[in-house]
There are 2 protein chains.
Amino acid sequence: MKIICNKSDLMKALNTVTKAIPTNTTMPILKCVLINASSSNIKFTANDMELGIETNVNGFVSEKGIIALDAKLFSDIIRKLPESEVTISVDEKKNVTITCEKAKFNIMGLEPDDFPYLPFVEKDYKISLSQFTLKEVIRQTIFSIATNDSNKVLTGELFDIKENRLRVISLDGHRISIRNIELKDPYEDKKVIVPGKTLSEISKILSGGTEDSVDIYITENHILFEFDENIVVSRLIEGNYFQVDKMISNAYETKVTINRQDFMSCIDRATLMVKEGDNRPIILNIDDHVMDMKISSQIGSLNDTIEIEQEGKPIKIGFNPRLLLDAMRVIDDEMVDIYYMNTKSPCFIRDEAGTYNYMILPVNFVD
Amino acid sequence: MKIICNKSDLMKALNTVTKAIPTNTTMPILKCVLINASSSNIKFTANDMELGIETNVNGFVSEKGIIALDAKLFSDIIRKLPESEVTISVDEKKNVTITCEKAKFNIMGLEPDDFPYLPFVEKDYKISLSQFTLKEVIRQTIFSIATNDSNKVLTGELFDIKENRLRVISLDGHRISIRNIELKDPYEDKKVIVPGKTLSEISKILSGGTEDSVDIYITENHILFEFDENIVVSRLIEGNYFQVDKMISNAYETKVTINRQDFMSCIDRATLMVKEGDNRPIILNIDDHVMDMKISSQIGSLNDTIEIEQEGKPIKIGFNPRLLLDAMRVIDDEMVDIYYMNTKSPCFIRDEAGTYNYMILPVNFVD
């Protein structure tokens, strides 16, 4: 094999595919990038068996071939080369030579036959959306997936397609995050659970352009994202997702409209009074168009006040400030609406248009 | 006590003094910043018993007093306050109230009498230099102090003052770094060993301005740096420093003049072939105005070539590439001169003016 590429194109491709290199594995082949130049195109692939990424690399194939190379060493070498043309050649003993200007590296390649190829994904079912939308949706929901594995289903996000609407849902034991996206076309109904890791890695690769689109193909066991020069394939999580609709209500006794930035600053300060793992609530006292906030712990106490628009009854209710903060951070609106029912019921942070809905459970407190 | 300061002034003072807060200590008082408003000035102090920092804070003393506050909590609170006036008041039970706009924190202070005051330093012996020079000198020598404690003396740097010359020296088992600074005035001879930690912390506080000066006071056991609104006091390291002059020689058989950036890029690439802890050398083959470089290990091999100016005999010599890299990184010259004697003797990287001299021991190799 012999290929010639620009350093910058190699670097871009490596930055993309290495997102699928596992951090912990005892199998050296999984730590590899597969360089496939068996046709006139050059493709790089990485695959941790759950998530696989393939990208086309701009370059010239002078001699066809295929080889697997340790991803970290390969990336480090390319990164430290001058901004110039790079030649990668492989002999029959899998000795790999990487040449750039006067620098010449010799390293050992690995047997490409051992590399786990990406699963074949039937392209029967497809939806399309903009890279901007997908990236935003991930950012606005990924924070509330469960971080421990005790319920595998909760480490992923539900992608729920119904006609021309995609609903993306994540939830842990304390909150639910929902984003609704209107699609250009209607599709057949589909519900799948996409691993959180897949979504967080893909959001790093997405350009986020509003004009750039992503095609998403779904089969029974896999989801495939196709965009720019990249293909990202991931296993789906098996199992049934929670029936979120049963946990959501539009009824309320109190509606508050609050300046997001001001509220965020207050609850951010409140987090200083809570040690990690402590479930100390911030107590919101909503009355007469004012929200008084109070939190106290062995560290100390904080009192704060914000003027609000209020509709309905006064209420006094406690929340974990970190959960409020997570939701406030990802909303883009200047003013947000928060709906309360009573001290024991969750609050809902949602917009009129129904693009987002964040449910957060309250925390008991002694006054 | 009651003081009023701007958030930004508090933040600046805290960023300065917290450099002397120890990361590991079982004594809560050492984790504190002392707020001293016992006169009409406000002073913040932190002291880990080796290194102490005191800074004047812009502000108004409405009620005199003194209190110790946990540095991390205090800093976190101030950081998260709005950009506005901050009032800090303390009652007789050491309850501290920090108020800014509508936010009001209550935290507990600690007994100021338990706080270790900075040692008194006699101001008999003083030298002055610019902040720029001191910051540069530290950057250009700090990398070669010894990192383990087996010889305490080597964890510091020698400040050697002779007439109007300051020589700063650091060394570990493999190299020596020397910087010579010409002082404006002649001083009495003095040799002291300043802890590396003191120097690295102080260099973070120094503005680095060429017009801003630092006054340095030295006693038998302490060194005190006075600049801007700050006082930094540090213990000196006891003991005798190595007699570096005996290890230095100006004789050479081969002199090479090389483009620093090009050489640095080559040896940086070479470090990829060396695992941490491995003493694999890069072999430099200097002949006929060309430096050929070669390194090989179980990871792979690298060959590279640079055109050089050469004076004297050809030589083939091996070095730990990381040591060469460290020196090359801190030199500012475009072209550097390197002097070699023979395969067993150290090389010297020094400039004509004698402002710097980096000695690096070679590594044996089998060809």
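For this structure, a couple of remarks:
- Placing unit charges on the Cβ atoms only, positive for Lys and Arg and negative for Asp and Glu, gives segment B:121-162 a dipole magnitude near 120 debye about its Cα centre.
- When only Cα pairs below 8 angstrom with a gap of at least 6 residues are kept, chain A shows a relative contact order of 13 percent.
- Pairs of Lys in segment B:207-347 closer than 27 Å at Cα, counting only those 8 or more apart or on different chains: 16
- Compactness of chain B - radius of gyration and Dmax, Cα, Å: 25.0, 80
- Carbon-plus-sulfur accessible fraction, segment A:90-175 (probe radius 1.4 Å, protein heavy atoms only): 49%.
- In nanometers and ordered shortest first, the copy-to-copy spacing of the B:Lys246 label point, defined 7 Å from Cα toward Cβ, is 8.5.
- Comparing mean-square fluctuations of B:Leu166, B:Leu272, B:Leu30 from a GNM of chain B with C-alpha springs under 10 Å, the top value falls on B:Leu272.
- Expressed in Å, the radius of gyration and Dmax of the Cα atoms of segment A:233-326 are 16.8, 53.
- √(5λ) per eigenvalue of the Cα gyration tensor, segment A:50-103, largest first, Å: 19, 16, 13
- Residues of segment A:30-79 whose accessible area, computed with a 1.4 Å probe over protein heavy atoms, drops by at least 40 Å² once all protein chains are present relative to their chain alone are A:Leu73.
- Contact surface B-A: accessible area buried, both sides summed, square angstrom, 1.4 angstrom probe: 2200 Å²
- Shape class for segment B:154-306: prolate, because the ratio a/c of the largest to smallest gyration tensor axis (alpha-carbon atoms, square roots of eigenvalues) is 1.5 or more and a/b beats b/c.
- Calculated over segment A:7-146: convex hull of Cα atoms, volume per residue (Å³): 157 Å³
- Where the Cα pairs of segment B:1-51 fall when distances are cut into 10 Å bins, in %: 24, 50, 25, 2
- Global form of the protein assembly as shown, assessed from the alpha-carbon gyration tensor, a/c cut-off 1.5: oblate
- Charge context of B:Gly209, other residues only, Cβ under 11 angstrom, K/R +1, D/E -1: -2
- Kirkwood analysis of segment A:267-367, using all unique Cα-Cα pairs, places the hydrodynamic radius at 14.1 Å.
- Shape call, segment A:166-249: gyration tensor on alpha carbons, a/c limit 1.5: prolate
- Each copy carries a label point for B:Arg79 at 7 Å from Cα along the beta-carbon vector; from one copy to the others these points are 2.6 nm apart, nearest first.
- One residue of chain A places its C-beta nearer than any other to the axis carrying A onto B; that residue and its whole-Å distance are A:Thr23, 13.
- Label-point gap, in nm, between B:Ser8 and B:Ser207 - each point 7 angstrom along Cα→Cβ: 1.5 nm
- Relative contact order, percent, segment B:202-275 [alpha-carbon distance under 8 Å, six or more residues apart]: 15 percent
- Relative contact order of segment B:101-239: 29 percent, from C-alpha pairs under 8 Å at least 6 residues apart in sequence.
- Per residue accessible area in Å² of segment A:42-201, where ligands, DNA and RNA are left out and the probe is 1.4 Å: 46 Å²
- Sum of -39500 (n - 2.57) over DSSP H runs of 4+, divided by residues of chain B (222 nm, nearest 500): -5000 deg cm²/dmol
- Gap separating the Cα centres of segment A:184-262 and segment B:309-367, nearest whole Å: 57 Å
- Here's the list of lysines a cross-link from A:Lys135 could span, going by alpha-carbon distance under 24 Å and ignoring same-chain residues fewer than 8 apart: A:Lys12, A:Lys19, A:Lys123, A:Lys126, A:Lys152, A:Lys162, A:Lys184, A:Lys190, A:Lys191, A:Lys197, A:Lys204.
The values are calculated or read from the model by the stated rules, or taken from the named source; none is laboratory data. All values derive from a computational prediction rather than experimental measurement. Counting neighbours? That spans all protein chains shown, and the Cβs are built from the backbone with ideal geometry, glycine included. Just so you know, the surface numbers come from the protein's heavy atoms only, side chains and all, with ligands and any DNA or RNA stripped out. Shrake-Rupley method; radii C 1.70, N 1.55, O 1.52, S 1.80 Å.
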